[in-house]
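Everything below concerns the one structure shown next.
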Amino acid sequence: MKKTIGCLLTLLVVFFLFACGQESSLSGSVFSADEAAESFQPYAFVRPPHVRVARIVCYQDAHLLDLRHTHATDAVIEKIVFDESVNEVYIGETLDLSFSLLPENAPNEGILATSSKPEIAEVSLDESGESLICVMGRAAGKATITITAPSGVKITRIITVKERVPTKITLINTEPETKIEVGTPISLDIAWEPEDTSLKTLSWLSSNNKVIKVNTDGTLEAVGVGTAKITAKHKSGRSGTITLTVEPTPVSQIKLTTDLDQGKDFVKGDRFTIVADFLPQNATNRTLKYSSSDNKVATVTNKGVVTAVDVGTATITVVSPEGPTGQIEVKVAPGPQKFKITWSASLLDSNHVGNNWSKSFEVNGEPFASGALITVSPESTLSVCLSVVETDRHPDRGSCSRQLSYSDDLWKTGCEISEMVYVREDGGRYAGNSAVWSVLIRIKPVK
(Lines give C-alpha, C1' and ligand atoms only; values in the text may rest on other atoms or scores of the structure.)
Protein backbone atom coordinates (compact mmCIF):
# COMPACT_ATOMS: atom_id res chain seq x y z
CA MET A 1 0.00 0.00 0.00
CA LYS A 2 2.86 2.36 0.86
CA LYS A 3 4.51 1.66 -2.51
CA THR A 4 1.33 2.47 -4.29
CA ILE A 5 0.99 5.77 -2.47
CA GLY A 6 4.62 6.60 -3.39
CA CYS A 7 4.00 5.98 -7.05
CA LEU A 8 0.97 8.18 -7.01
CA LEU A 9 2.96 10.96 -5.37
CA THR A 10 5.59 10.58 -8.07
CA LEU A 11 2.98 10.93 -10.76
CA LEU A 12 1.68 14.09 -9.15
CA VAL A 13 5.17 15.60 -9.09
CA VAL A 14 5.83 14.72 -12.71
CA PHE A 15 2.49 16.14 -13.79
CA PHE A 16 3.33 19.37 -11.94
CA LEU A 17 6.67 19.63 -13.74
CA PHE A 18 4.95 18.92 -17.08
CA ALA A 19 2.44 21.72 -16.47
CA CYS A 20 5.39 24.06 -15.97
CA GLY A 21 6.75 23.04 -19.39
CA GLN A 22 9.91 21.29 -18.13
CA GLU A 23 11.18 17.83 -19.04
CA SER A 24 11.69 15.75 -15.86
CA SER A 25 13.64 12.67 -14.91
CA LEU A 26 13.35 11.36 -11.36
CA SER A 27 15.72 8.65 -10.17
CA GLY A 28 16.36 6.84 -6.83
CA SER A 29 13.67 8.59 -4.83
CA VAL A 30 11.56 6.75 -2.36
CA PHE A 31 8.01 7.95 -1.95
CA SER A 32 6.77 6.03 1.10
CA ALA A 33 5.03 6.70 4.40
CA ASP A 34 7.82 5.11 6.43
CA GLU A 35 11.60 4.84 6.23
CA ALA A 36 11.51 1.11 5.50
CA ALA A 37 9.87 1.41 2.15
CA GLU A 38 11.79 -0.21 -0.69
CA SER A 39 13.47 2.08 -3.21
CA PHE A 40 12.34 2.22 -6.87
CA GLN A 41 13.28 4.13 -10.03
CA PRO A 42 10.44 6.12 -11.58
CA TYR A 43 11.02 8.16 -14.83
CA ALA A 44 8.81 10.92 -16.34
CA PHE A 45 9.28 12.12 -19.99
CA VAL A 46 7.56 15.36 -20.90
CA ARG A 47 7.30 16.44 -24.57
CA PRO A 48 9.18 19.64 -25.49
CA PRO A 49 7.33 22.99 -25.65
CA HIS A 50 4.27 23.28 -27.89
CA VAL A 51 3.54 19.51 -27.47
CA ARG A 52 0.23 18.96 -25.80
CA VAL A 53 0.47 15.20 -24.92
CA ALA A 54 2.85 13.75 -22.26
CA ARG A 55 3.66 10.09 -21.67
CA ILE A 56 4.45 9.23 -18.01
CA VAL A 57 6.07 5.91 -17.16
CA CYS A 58 6.81 4.54 -13.63
CA TYR A 59 9.18 1.63 -12.93
CA GLN A 60 10.16 -0.15 -9.73
CA ASP A 61 12.80 -2.81 -9.69
CA ALA A 62 12.64 -2.88 -13.49
CA HIS A 63 8.95 -3.63 -13.34
CA LEU A 64 6.38 -1.40 -14.97
CA LEU A 65 4.13 0.00 -12.30
CA ASP A 66 2.06 2.46 -14.29
CA LEU A 67 1.73 4.02 -17.79
CA ARG A 68 -0.21 7.19 -18.10
CA HIS A 69 -0.95 9.81 -20.86
CA THR A 70 -1.93 13.27 -19.87
CA HIS A 71 -2.77 16.55 -21.66
CA ALA A 72 -1.50 20.00 -20.75
CA THR A 73 -2.39 23.56 -21.79
CA ASP A 74 0.16 25.67 -23.91
CA ALA A 75 1.96 28.47 -22.14
CA VAL A 76 0.57 31.96 -22.80
CA ILE A 77 2.88 34.48 -24.61
CA GLU A 78 3.81 37.13 -22.09
CA LYS A 79 6.42 39.06 -24.07
CA ILE A 80 7.85 39.43 -27.58
CA VAL A 81 11.47 40.53 -28.08
CA PHE A 82 13.32 41.42 -31.30
CA ASP A 83 16.64 39.61 -31.57
CA GLU A 84 18.38 42.35 -33.59
CA SER A 85 18.44 46.13 -33.44
CA VAL A 86 18.46 46.68 -37.24
CA ASN A 87 15.80 49.16 -38.40
CA GLU A 88 16.82 50.17 -41.94
CA VAL A 89 16.32 48.60 -45.35
CA TYR A 90 16.85 49.84 -48.93
CA ILE A 91 14.19 49.99 -51.62
CA GLY A 92 13.88 46.66 -53.41
CA GLU A 93 15.73 44.76 -50.65
CA THR A 94 14.51 42.46 -47.86
CA LEU A 95 15.29 42.73 -44.15
CA ASP A 96 14.84 39.59 -42.02
CA LEU A 97 14.01 40.29 -38.36
CA SER A 98 13.94 37.39 -35.89
CA PHE A 99 12.06 37.59 -32.60
CA SER A 100 11.71 35.56 -29.43
CA LEU A 101 8.67 34.68 -27.35
CA LEU A 102 8.59 34.57 -23.57
CA PRO A 103 8.19 32.23 -21.87
CA GLU A 104 10.43 30.16 -24.10
CA ASN A 105 7.99 27.28 -24.30
CA ALA A 106 5.24 29.53 -25.65
CA PRO A 107 4.13 28.44 -29.16
CA ASN A 108 4.39 30.91 -32.05
CA GLU A 109 1.01 29.98 -33.40
CA GLY A 110 -1.42 32.77 -34.24
CA ILE A 111 1.30 35.44 -34.51
CA LEU A 112 0.28 38.42 -36.66
CA ALA A 113 2.72 40.83 -38.39
CA THR A 114 1.46 44.13 -39.83
CA SER A 115 2.83 47.33 -41.38
CA SER A 116 1.37 50.78 -40.87
CA LYS A 117 2.37 51.69 -44.44
CA PRO A 118 2.72 48.61 -46.65
CA GLU A 119 3.35 50.87 -49.64
CA ILE A 120 6.62 51.82 -47.91
CA ALA A 121 7.50 48.64 -46.03
CA GLU A 122 5.70 45.39 -46.70
CA VAL A 123 5.89 42.69 -44.00
CA SER A 124 5.25 38.95 -43.98
CA LEU A 125 5.86 36.02 -41.62
CA ASP A 126 8.41 33.37 -42.45
CA GLU A 127 6.64 30.53 -44.28
CA SER A 128 8.66 27.79 -42.58
CA GLY A 129 7.18 28.61 -39.16
CA GLU A 130 10.34 30.18 -37.72
CA SER A 131 10.02 33.19 -35.45
CA LEU A 132 11.02 35.51 -38.26
CA ILE A 133 9.43 38.35 -40.23
CA CYS A 134 10.51 39.57 -43.68
CA VAL A 135 10.35 43.32 -44.39
CA MET A 136 10.47 44.37 -48.07
CA GLY A 137 11.40 48.00 -48.87
CA ARG A 138 8.92 49.42 -51.38
CA ALA A 139 9.39 53.19 -51.25
CA ALA A 140 11.42 55.73 -49.34
CA GLY A 141 9.94 56.63 -45.96
CA LYS A 142 9.11 55.19 -42.54
CA ALA A 143 6.63 52.54 -41.45
CA THR A 144 5.81 50.94 -38.12
CA ILE A 145 6.06 47.16 -38.02
CA THR A 146 3.94 45.44 -35.35
CA ILE A 147 4.06 41.81 -34.14
CA THR A 148 0.98 40.78 -32.16
CA ALA A 149 0.43 37.57 -30.18
CA PRO A 150 -2.98 35.90 -29.68
CA SER A 151 -2.77 36.98 -26.04
CA GLY A 152 -2.73 40.62 -27.14
CA VAL A 153 0.95 41.16 -26.37
CA LYS A 154 2.67 43.14 -29.12
CA ILE A 155 5.93 44.78 -30.05
CA THR A 156 6.62 47.52 -32.60
CA ARG A 157 9.59 48.83 -34.51
CA ILE A 158 9.92 51.80 -36.83
CA ILE A 159 11.58 50.75 -40.10
CA THR A 160 13.21 53.34 -42.33
CA VAL A 161 13.27 52.53 -46.05
CA LYS A 162 16.08 54.30 -47.90
CA GLU A 163 17.03 54.84 -51.53
CA ARG A 164 20.44 53.65 -52.57
CA VAL A 165 21.69 56.79 -54.35
CA PRO A 166 24.08 56.43 -57.32
CA THR A 167 27.56 57.87 -56.94
CA LYS A 168 28.27 57.71 -60.68
CA ILE A 169 26.25 57.25 -63.90
CA THR A 170 28.05 56.37 -67.15
CA LEU A 171 26.35 56.35 -70.57
CA ILE A 172 27.80 53.89 -73.09
CA ASN A 173 27.19 53.71 -76.85
CA THR A 174 26.38 50.04 -77.49
CA GLU A 175 27.62 50.22 -81.11
CA PRO A 176 30.54 52.65 -81.17
CA GLU A 177 31.80 51.34 -84.51
CA THR A 178 28.44 51.83 -86.26
CA LYS A 179 27.70 55.15 -87.90
CA ILE A 180 24.66 56.96 -86.50
CA GLU A 181 22.46 58.09 -89.39
CA VAL A 182 19.30 60.16 -89.58
CA GLY A 183 16.18 58.15 -88.79
CA THR A 184 17.92 55.39 -86.86
CA PRO A 185 17.15 54.66 -83.18
CA ILE A 186 19.98 55.12 -80.69
CA SER A 187 20.70 52.51 -78.02
CA LEU A 188 22.71 53.41 -74.92
CA ASP A 189 23.79 51.23 -72.00
CA ILE A 190 23.86 52.64 -68.47
CA ALA A 191 26.55 51.73 -65.95
CA TRP A 192 25.52 52.41 -62.33
CA GLU A 193 27.81 52.83 -59.36
CA PRO A 194 26.89 51.17 -57.12
CA GLU A 195 25.18 48.54 -59.25
CA ASP A 196 22.37 48.06 -56.70
CA THR A 197 21.25 51.68 -56.94
CA SER A 198 17.58 52.09 -56.02
CA LEU A 199 15.02 53.38 -58.51
CA LYS A 200 17.08 53.40 -61.68
CA THR A 201 14.77 55.88 -63.38
CA LEU A 202 16.32 58.66 -65.45
CA SER A 203 15.11 61.77 -67.23
CA TRP A 204 16.72 62.41 -70.61
CA LEU A 205 17.75 65.68 -72.23
CA SER A 206 19.27 66.50 -75.62
CA SER A 207 21.33 69.65 -76.19
CA ASN A 208 20.03 69.81 -79.78
CA ASN A 209 16.59 68.36 -80.53
CA LYS A 210 17.13 69.03 -84.24
CA VAL A 211 19.92 66.47 -84.21
CA ILE A 212 18.83 63.92 -81.58
CA LYS A 213 15.28 63.93 -80.25
CA VAL A 214 14.17 62.48 -76.92
CA ASN A 215 10.81 60.72 -77.46
CA THR A 216 8.05 60.69 -74.86
CA ASP A 217 8.89 57.09 -73.94
CA GLY A 218 12.51 58.08 -73.21
CA THR A 219 13.99 56.57 -76.38
CA LEU A 220 16.43 58.55 -78.52
CA GLU A 221 16.13 59.14 -82.27
CA ALA A 222 18.52 60.73 -84.76
CA VAL A 223 16.56 63.36 -86.70
CA GLY A 224 19.23 65.59 -88.25
CA VAL A 225 22.90 65.85 -89.11
CA GLY A 226 25.16 67.28 -86.42
CA THR A 227 26.34 66.77 -82.83
CA ALA A 228 24.32 66.68 -79.62
CA LYS A 229 25.14 66.03 -75.96
CA ILE A 230 22.78 63.60 -74.24
CA THR A 231 22.27 63.93 -70.49
CA ALA A 232 20.62 61.32 -68.26
CA LYS A 233 19.68 62.73 -64.86
CA HIS A 234 18.75 60.81 -61.69
CA LYS A 235 16.33 62.28 -59.14
CA SER A 236 19.22 62.40 -56.67
CA GLY A 237 20.87 65.03 -58.86
CA ARG A 238 23.56 62.72 -60.19
CA SER A 239 23.78 62.61 -64.00
CA GLY A 240 25.73 61.08 -66.86
CA THR A 241 26.47 62.54 -70.31
CA ILE A 242 27.59 61.36 -73.73
CA THR A 243 28.23 63.29 -76.97
CA LEU A 244 26.95 61.69 -80.18
CA THR A 245 27.40 62.67 -83.83
CA VAL A 246 24.75 62.01 -86.48
CA GLU A 247 26.13 61.66 -90.00
CA PRO A 248 24.30 62.17 -93.33
CA THR A 249 22.85 59.16 -95.14
CA PRO A 250 23.68 59.25 -98.87
CA VAL A 251 21.06 58.73 -101.58
CA SER A 252 21.56 55.43 -103.40
CA GLN A 253 18.56 55.51 -105.76
CA ILE A 254 15.69 57.74 -106.93
CA LYS A 255 12.33 56.28 -107.95
CA LEU A 256 10.06 58.64 -109.91
CA THR A 257 6.27 58.52 -110.11
CA THR A 258 3.70 61.08 -111.28
CA ASP A 259 0.13 62.08 -110.54
CA LEU A 260 -0.66 62.12 -114.28
CA ASP A 261 -3.99 60.54 -115.24
CA GLN A 262 -2.90 57.73 -117.54
CA GLY A 263 -6.40 57.45 -118.97
CA LYS A 264 -6.20 60.87 -120.62
CA ASP A 265 -3.95 62.49 -123.19
CA PHE A 266 -1.39 64.95 -121.88
CA VAL A 267 -2.18 67.97 -124.02
CA LYS A 268 -1.08 71.55 -124.30
CA GLY A 269 -1.71 73.43 -121.06
CA ASP A 270 -1.97 70.31 -118.92
CA ARG A 271 0.25 69.82 -115.86
CA PHE A 272 1.44 67.04 -113.60
CA THR A 273 3.86 66.73 -110.69
CA ILE A 274 6.81 64.38 -110.40
CA VAL A 275 7.08 62.59 -107.04
CA ALA A 276 10.55 61.36 -106.06
CA ASP A 277 11.06 58.50 -103.59
CA PHE A 278 14.53 58.19 -102.09
CA LEU A 279 16.37 55.02 -101.19
CA PRO A 280 17.25 54.40 -98.48
CA GLN A 281 14.23 56.00 -96.90
CA ASN A 282 16.35 57.82 -94.32
CA ALA A 283 18.50 59.50 -97.01
CA THR A 284 19.51 62.93 -95.76
CA ASN A 285 20.05 65.20 -98.78
CA ARG A 286 16.72 65.28 -100.62
CA THR A 287 17.39 68.22 -102.92
CA LEU A 288 16.85 67.55 -106.64
CA LYS A 289 17.53 69.33 -109.93
CA TYR A 290 14.98 69.06 -112.79
CA SER A 291 15.49 69.69 -116.51
CA SER A 292 13.61 69.16 -119.80
CA SER A 293 15.19 68.02 -123.07
CA ASP A 294 12.84 70.31 -125.04
CA ASN A 295 11.24 73.29 -123.36
CA LYS A 296 9.18 73.89 -126.52
CA VAL A 297 7.35 70.65 -125.82
CA ALA A 298 7.30 70.53 -122.00
CA THR A 299 8.78 72.60 -119.19
CA VAL A 300 9.52 71.60 -115.59
CA THR A 301 9.91 73.70 -112.43
CA ASN A 302 12.40 73.15 -109.58
CA LYS A 303 9.53 71.56 -107.66
CA GLY A 304 8.89 68.94 -110.33
CA VAL A 305 5.79 70.48 -111.95
CA VAL A 306 5.69 69.60 -115.69
CA THR A 307 3.64 71.73 -118.14
CA ALA A 308 2.73 70.70 -121.69
CA VAL A 309 3.70 73.46 -124.13
CA ASP A 310 3.22 71.92 -127.54
CA VAL A 311 2.78 68.64 -129.35
CA GLY A 312 5.85 66.45 -129.26
CA THR A 313 8.08 64.37 -126.97
CA ALA A 314 10.48 65.52 -124.25
CA THR A 315 12.51 63.82 -121.53
CA ILE A 316 12.41 65.14 -117.96
CA THR A 317 15.62 64.36 -116.02
CA VAL A 318 15.86 64.44 -112.21
CA VAL A 319 19.33 64.53 -110.64
CA SER A 320 20.44 64.16 -107.00
CA PRO A 321 23.57 66.08 -105.97
CA GLU A 322 24.92 62.75 -104.69
CA GLY A 323 24.78 61.13 -108.13
CA PRO A 324 21.61 59.05 -108.65
CA THR A 325 19.30 60.19 -111.47
CA GLY A 326 15.84 59.40 -112.79
CA GLN A 327 14.05 60.15 -116.07
CA ILE A 328 10.47 60.39 -117.33
CA GLU A 329 9.48 60.60 -121.01
CA VAL A 330 6.69 63.08 -121.68
CA LYS A 331 4.46 62.90 -124.75
CA VAL A 332 2.34 65.95 -125.42
CA ALA A 333 -0.65 64.92 -127.51
CA PRO A 334 -2.60 67.33 -129.72
CA GLY A 335 -5.49 68.79 -127.86
CA PRO A 336 -8.30 71.06 -129.00
CA GLN A 337 -6.83 73.97 -130.93
CA LYS A 338 -8.24 77.45 -131.31
CA PHE A 339 -7.94 79.00 -134.78
CA LYS A 340 -8.48 82.49 -136.17
CA ILE A 341 -9.90 82.39 -139.73
CA THR A 342 -9.82 85.34 -142.14
CA TRP A 343 -10.94 85.37 -145.72
CA SER A 344 -11.13 87.71 -148.73
CA ALA A 345 -12.31 87.60 -152.39
CA SER A 346 -11.23 90.10 -155.11
CA LEU A 347 -12.77 90.36 -158.60
CA LEU A 348 -9.98 90.36 -161.14
CA ASP A 349 -12.05 90.33 -164.37
CA SER A 350 -15.84 90.35 -164.70
CA ASN A 351 -15.63 89.55 -168.42
CA HIS A 352 -19.21 90.78 -168.89
CA VAL A 353 -20.54 88.13 -166.59
CA GLY A 354 -22.09 90.61 -164.22
CA ASN A 355 -21.72 93.80 -162.27
CA ASN A 356 -23.50 92.89 -159.04
CA TRP A 357 -21.92 90.28 -156.81
CA SER A 358 -22.32 88.83 -153.28
CA LYS A 359 -19.70 86.97 -151.20
CA SER A 360 -20.23 84.52 -148.31
CA PHE A 361 -18.07 82.29 -146.13
CA GLU A 362 -19.01 79.20 -144.11
CA VAL A 363 -17.17 77.03 -141.60
CA ASN A 364 -18.60 73.56 -140.99
CA GLY A 365 -21.74 74.66 -142.84
CA GLU A 366 -22.34 77.76 -140.72
CA PRO A 367 -21.84 81.43 -141.76
CA PHE A 368 -18.53 82.69 -140.44
CA ALA A 369 -17.29 86.27 -140.24
CA SER A 370 -13.74 87.07 -141.25
CA GLY A 371 -11.46 87.26 -138.18
CA ALA A 372 -13.66 85.11 -135.96
CA LEU A 373 -12.29 82.28 -133.75
CA ILE A 374 -13.14 78.61 -133.70
CA THR A 375 -11.85 75.67 -131.56
CA VAL A 376 -11.23 72.40 -133.30
CA SER A 377 -10.53 69.01 -131.67
CA PRO A 378 -8.02 66.58 -133.22
CA GLU A 379 -10.78 64.10 -133.92
CA SER A 380 -12.98 66.51 -135.91
CA THR A 381 -12.78 67.93 -139.46
CA LEU A 382 -12.55 71.63 -140.30
CA SER A 383 -14.64 72.42 -143.40
CA VAL A 384 -14.36 75.91 -145.02
CA CYS A 385 -16.16 77.31 -148.09
CA LEU A 386 -15.97 80.78 -149.72
CA SER A 387 -18.63 81.53 -152.36
CA VAL A 388 -19.14 84.42 -154.87
CA VAL A 389 -22.52 84.91 -156.62
CA GLU A 390 -23.53 87.12 -159.58
CA THR A 391 -26.90 88.52 -158.48
CA ASP A 392 -28.91 89.15 -161.67
CA ARG A 393 -32.14 87.44 -162.66
CA HIS A 394 -30.19 84.30 -163.43
CA PRO A 395 -27.46 84.12 -160.72
CA ASP A 396 -24.19 82.44 -161.52
CA ARG A 397 -22.05 80.94 -158.73
CA GLY A 398 -18.44 80.04 -158.03
CA SER A 399 -16.77 78.76 -154.80
CA CYS A 400 -13.58 77.54 -153.09
CA SER A 401 -13.87 74.84 -150.37
CA ARG A 402 -11.55 72.62 -148.30
CA GLN A 403 -11.87 69.93 -145.66
CA LEU A 404 -8.98 69.96 -143.20
CA SER A 405 -8.07 67.20 -140.70
CA TYR A 406 -5.60 67.23 -137.81
CA SER A 407 -1.91 67.45 -138.66
CA ASP A 408 1.09 68.60 -136.66
CA ASP A 409 1.67 71.40 -139.19
CA LEU A 410 -1.94 72.58 -139.07
CA TRP A 411 -1.92 72.66 -135.25
CA LYS A 412 1.46 74.37 -135.08
CA THR A 413 1.51 76.80 -138.02
CA GLY A 414 -1.96 76.70 -139.55
CA CYS A 415 -2.49 77.01 -143.31
CA GLU A 416 -3.29 79.43 -146.12
CA ILE A 417 -5.60 78.69 -149.08
CA SER A 418 -5.10 80.91 -152.14
CA GLU A 419 -7.12 80.11 -155.26
CA MET A 420 -8.68 81.51 -158.45
CA VAL A 421 -12.44 81.07 -158.66
CA TYR A 422 -14.13 81.18 -162.06
CA VAL A 423 -17.81 82.06 -162.41
CA ARG A 424 -19.24 81.04 -165.81
CA GLU A 425 -22.11 82.92 -167.50
CA ASP A 426 -24.74 80.35 -168.34
CA GLY A 427 -27.01 82.40 -170.61
CA GLY A 428 -27.43 85.54 -172.56
CA ARG A 429 -25.27 87.40 -174.96
CA TYR A 430 -22.07 86.60 -172.93
CA ALA A 431 -22.84 83.00 -172.31
CA GLY A 432 -19.67 81.03 -171.85
CA ASN A 433 -17.70 83.93 -170.46
CA SER A 434 -16.15 83.51 -167.01
CA ALA A 435 -15.49 86.10 -164.37
CA VAL A 436 -12.23 85.63 -162.44
CA TRP A 437 -11.98 86.01 -158.63
CA SER A 438 -8.93 85.79 -156.39
CA VAL A 439 -9.83 84.00 -153.11
CA LEU A 440 -7.63 83.90 -149.97
CA ILE A 441 -8.43 81.95 -146.77
CA ARG A 442 -5.99 82.12 -143.81
CA ILE A 443 -6.30 79.68 -140.86
CA LYS A 444 -3.96 80.63 -137.99
CA PRO A 445 -3.62 78.76 -134.66
CA VAL A 446 -4.04 80.98 -131.62
CA LYS A 447 -1.29 80.39 -129.06
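The values are calculated or read from the model by the stated rules, or taken from the named source; none is laboratory data. Keep in mind that what you see is a predicted model, and the values were worked out from it rather than measured. Glycine gets a Cβ as well: all are built from the backbone with ideal geometry, and neighbour counts include every protein chain shown. Just so you know, the surface numbers come from the protein's heavy atoms only, side chains and all, with ligands and any DNA or RNA stripped out. Shrake-Rupley method; radii C 1.70, N 1.55, O 1.52, S 1.80 Å.
Accessible area per residue (1.4 Å probe, heavy atoms of protein chains only) ranks Glu127, Glu221, Glu379 as Glu127, Glu379, Glu221, with the largest value leading.
Computed with a 1.4 Å probe over protein heavy atoms only, the accessible area of Asp83 comes to about 80 Å².
Over the stretch 165-204, the hull volume per residue, using the convex hull of the C-alpha atoms, is 81 Å³. Between Ser401 and Gln281, the FRET efficiency from the beta-carbon distance, with R0 = 45 Å, is close to 0.10.
Across the alpha-carbon set of the stretch 266-396, the Rg to Rh ratio works out to 1.37, Rh being the Kirkwood radius. For trypsin sites (Lys or Arg not before Pro), the sites in the stretch 286-359 that DSSP calls loop and that have at most 15 other Cβ atoms within 10 Å are Arg286, Lys296, Lys303.
With all protein chains in place and ligands, DNA and RNA left out, the 1.4 Å accessible area ranks His234, His352 as His352, His234, largest first. Calculated over the stretch 135-225, the projected area of the Cα convex hull averaged across directions stands at 9.1 nm².
Summary of the geometry: the stretch 321-344 and the stretch 77-135, compared by the centres of their Cα atoms, lie 93 Å apart.
Just list whichever of Lys210/Lys303; Lys296/Lys359; Lys79/Lys117; Lys289/Lys444; Lys264/Lys359; Lys142/Lys229 have alpha carbons separated by over 31 Å in the model shown. Check vs 31 Å cut-off fails for Lys296/Lys359; Lys289/Lys444; Lys264/Lys359; Lys142/Lys229.
For Glu88 and Lys447, the difference between the fully extended length at 0.36 nm per residue and the C-alpha to C-alpha distance is 119.8 nm. Distance between the pseudo-spin-label points of Arg429 and Thr325 (7 Å out from Cα toward the beta carbon): 8.2 nm. Heavy-atom accessible area, probed at 1.4 angstrom with all protein chains present, ranks Leu205, Leu410, Leu199 as Leu205, Leu199, Leu410, highest first. Here's the picture: a label point sits 7 Å out from the Cα of Ser187 along the beta-carbon direction, and within the stretch 211-251 the residues with their amide nitrogen under 14 Å of it are 220.
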